[in-house]
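Below: the structure, in structure tokens.
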Amino acid sequence: MTPGKRLMDIVLALVLAGVLFIPTAIVALIVLLRDGRPILYPSKRMKAPGQSFTLWKFRTMATADRDASVSGAYKQSRITATGRVLRRTRLDELPQLWNILRGDMSFVGPRPPLPRFVRLCPETYAEVLKNRPGVTGLATLVFHKREERLLAQCHSQSETDAVYLRRCVPAKAKIDLIWARNRTVCFDLILILATVRRVFAFRG
């Protein structure tokens, strides 16, 4: 990560932490009152081959003992009413400001993968994870809806994993590497603004 990109992450994260402190507290209170504890959901992710970290989100699902895969149709029944709103508006990702300040993530980059997919696709992620993972990114903006449609047809974890590995991982990696070859601070800002625009377009 270049010094300019890291500086932008820190400054922007600090500004947003101040601006969004009250909205974040309100979301936490709503989750607590409507869905109970835990308020936050920790997920083990990879920031580089062999380097894991805990990604934090507001909890959007009923808790389960084992939850080590991406979200397919078989998980839909576990999503809470509050969680559906948080997911669509991406407010569930507000706690990731902490991950950015810690240096685990950037605002822009490839989405941090689950460890099992890094183990299954080591060559792909060896390239993708040369860049710090991000809250949003080119692949997130371009492929997210397509990924949702593909996984919405999967009714078991094994089917979800197979479709994700065959149809999603290669496509997202290709897009992430296009971003990596062309990345600049200005390009990152454009992607951040595009993400904000998408969120507010949903609210409208």
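Quick check: is even one residue across region 185-202 of a type in the set (K, R), under 20 Å from V128 (Cβ atoms) and either open to solvent by less than 90 Å² (accessible area, probe 1.4 Å) or modelled with pLDDT under 95 (or both)?
No; the residues of region 185-202 include none that is of a type in the set (K, R), under 20 Å from V128 (Cβ atoms) and either open to solvent by less than 90 Å² (accessible area, probe 1.4 Å) or modelled with pLDDT under 95 (or both).
Taking the residues in region 1-10 that are open to solvent by 60 Å² or more (accessible area, probe 1.4 Å) and over 20 Å from the mean Cα position of the chain (by Cα) as candidates, determine which candidate is nearest to W56 (Cα to Cα).
Top of the filtered list is L7.
Name the single residue that is most open to solvent (accessible area, probe 1.4 Å) among those in region 33-72 being of a type in the set (A, V, I, L, M) and under 18 Å from the mean Cα position of the chain (by Cα).
L40
How many residues, within region 146-158, are assigned to a helix (DSSP H, G or I) and closer than 28 Å to I192 by Cα?
Result for region 146-158: 6.
If I ask for residues that are in a helix (DSSP H, G or I), at pLDDT 95 or above and open to solvent by 80 Å² or more (accessible area, probe 1.4 Å), which ones from region 121-145 would you list?
Hits for region 121-145 are E123, E127, V142.
Looking only at region 86-116, filter to residues that are among the β-branched types (V, I, T) and touching an Asp or Glu at 6+ places or on another chain (Cβ under 9 Å); which one of those is nearest to I30 (Cα to Cα)?
I100
Given (1) of a type outside the set (A, V, I, L, M, F, W, C); (2) part of a helix (DSSP H, G or I); (3) under 14 Å from the mean Cα position of the chain (by Cα), identify the lone condition not met by D161.
Of the numbered conditions (1) of a type outside the set (A, V, I, L, M, F, W, C); (2) part of a helix (DSSP H, G or I); (3) under 14 Å from the mean Cα position of the chain (by Cα), the odd one out for D161 is (3).
Against the definition (in contact (Cβ under 8 Å) with a residue 40 or more places away in the chain, of a type outside the set (D, E), more than 29 Å from T184 (Cα to Cα) and in a helix (DSSP H, G or I)), how does I26 come out, yes or no?
no
Kindly indicate whether W98 is closer than 13 Å to V135 by Cβ, open to solvent by 60 Å² or more (accessible area, probe 1.4 Å) and either in contact with a helix residue (DSSP H, G or I) (Cβ under 8 Å, 6 or more places away or on another chain) or part of a strand (DSSP E or B) (or both).
no
Against the condition hydroxyl-bearing (S, T, Y), under 22 Å from L12 (Cβ atoms) and in contact (Cβ under 8 Å) with a residue 40 or more places away in the chain, how does T160 come out, does it pass?
Answer is no for this residue.
Of the residues T54, T2, T24, only one is among the polar types (S, T, N, Q), within 23 Å of R87 (Cα to Cα) and out of contact with any strand residue (DSSP E or B) (no Cβ under 6 Å at 6 or more places or on another chain); which?
Testing whether each residue is among the polar types (S, T, N, Q), within 23 Å of R87 (Cα to Cα) and out of contact with any strand residue (DSSP E or B) (no Cβ under 6 Å at 6 or more places or on another chain) leaves just T24.
Do the conditions hold for P112, that is, is it outside any strand (DSSP E or B), open to solvent by less than 60 Å² (accessible area, probe 1.4 Å) and either in contact with a Pro (Cβ under 6 Å, 6 or more places away or on another chain) or free of Cβ contacts under 8 Å to residues at least 12 places away in the same chain (or both)?
yes
The values are calculated or read from the model by the stated rules, or taken from the named source; none is laboratory data. Only a predicted model underlies this, so the values are computations on that prediction, with no experimental measurement involved. Positions of Cβ are generated from backbone atoms using ideal geometry, with glycine treated the same way; all protein chains shown enter the neighbour counts. Each accessible area value is taken on the protein alone, full model and side chains, heavy atoms only, with ligands, DNA and RNA left out. Shrake-Rupley method; radii C 1.70, N 1.55, O 1.52, S 1.80 Å.
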